[in-house]
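To start, the structure under review is shown below, and the notes come after it.
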Amino acid sequence: MQKKQLLHKKPGYFRGQLLLEDDFIAEQRYHATARYRHALNLHGWGVVQGLEVRRADETTLVVSAGFAIDGHGHEIALLQEEKLSLTSAPTEAQVAVSLIYEEEDPANLGGDNQQHALHCYAVLSAAVGVAEGAVVLATVQLDEKGHIGHHGISVANRRQLKTLLLPGSVNATALDAHLRTGWLRSPFRPMPLPPDKQTPPPPFRVGPTEARSHREYNEQPNTRGAAGTMAITLPAGVTRVLRLRLAGAENEAPMHVELVIGGWDAAARKHVARNVLKANLSAGAFDTTWEIEKGDLHLETSTLALEIHAEGYARVSLVAVEVTYEHVTGRPPAQDA
């Protein structure tokens with residue numbers, strides 16, 4: 001079974017055909033209609049660029065040159081700056097400034113007026129109402145004297161073209177490179193290590209911008225440094241951790257760093273805990289970046305956590321992980337042996 005719907009008609013030519021003006025008009029109409037349909041369905045309508053509205057004086061507006069597509073798919077280019085006078089508008093009115101496409105109607109040219117070109121116009125309008133399909137550029141509120149105040153122009157209702165995107169047409173590979181890969185940045189905000197560890201070091205002192213070891217702990221000089229673990233939130237769609245960066249102004253003794261991919265293996269119904277980095281930092285101020293070789297993440301069930309153990313006084317200002325949205329298979333993370 002089949003059903004057919006008529007889409008449009010286009011001229012069909014043959015050798016020896018007598019062509020009249022109606023044939024050429026039909027040819028033009030076919031291509032023009034296709035262009036309008038293309039503009040509206042693939043790009044949308046509104047201001048593409050320019051066409052800014054500003055106050056020239058109490059009764060005059062200036063509209064800059066620019067380009068727009070109206071609600072019928074017509075392309076409108078305002079080639080030079082134009083002024084609009086609002087002296088005839090009612091006082092205290094709200095006036096819409098819009099751009100309209102207009103072309104001459106052949107029927108209005110008269111039978112004896114043979115014209116080889118129909119003129120098409122970009123028409124600027126400042127009126128209380130808006131014509132169908134017109135592109136609104138701004139609204140202007142007039143005061144009791146019919147004047148334009150310094151704050152009387154609003155672009156809240158301005159029709160700006162926003163390119164239409166089909167579902168599924170944008171994925172990670174369609175994004176610019178700087179959007180496919182980037183750094184997640186945070187101050188170090190650790191939680192204390194769990195008490196089931198043997199003699200865990202004291203927790204870090206956590207401030208709004210950094211974490212520090214205690215100089216004293218339980219009213220005694222602290223000789224054991226500090227330790228803590230921090231969860232790192234992964235945005236939706238992240239598929240891989242590429243690098244880890246840590247920075248801090250002070251570190252008086254060795255510091256031990258671990259980055260762990262955790263989460264859940266749904267197929268095996270097992271917990272996941274996979275160390276992807278174990279590294280040490282020597283004493284002194286630090287700003288270090290490590291490559292993560294096996295940082296693949298499951299799109300639904302992977303988590304990421306960081307653990308730092310400082311043997312002496314230390315300050316940690318920055319935790320940053322570089323992640324990517326580049327496509328990888330959604331396999332569960334490998335299990336620890």
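Restricting segment 209-254 to residues that are crowded, with 17+ Cβ neighbours inside 10 Å and among the small types (Gly, Ala, Ser) leaves a set whose member that is nearest to Thr301 (Cα to Cα) is Gly228. Right, Glu102: in contact with a Phe, Trp or Tyr (Cβ under 7 Å, 6 or more places away or on another chain) and modelled with pLDDT under 95 or not? Spelling it out, Glu102 is indeed in contact with a Phe, Trp or Tyr (Cβ under 7 Å, 6 or more places away or on another chain) and modelled with pLDDT under 95.
Pick out the one residue from Thr91, Thr33, Thr59 that is polar (S, T, N, Q) and closer than 25 Å to Leu165 by Cβ. The match here is Thr33. Kindly indicate whether any position in segment 84-93 is without any contact (Cβ under 8 Å) to a residue 60 or more places away in the chain, surrounded by 13 or more Cβ atoms within 10 Å (Cβ to Cβ) and among the small types (Gly, Ala, Ser). Yes, that holds for at least one residue.
The values are calculated or read from the model by the stated rules, or taken from the named source; none is laboratory data. Bear in mind that the values here come from a model prediction, so they are computed numbers and not experimental data. All Cβ positions, even for glycine, are placed from backbone atoms using ideal geometry, and neighbour counts span all protein chains on display.
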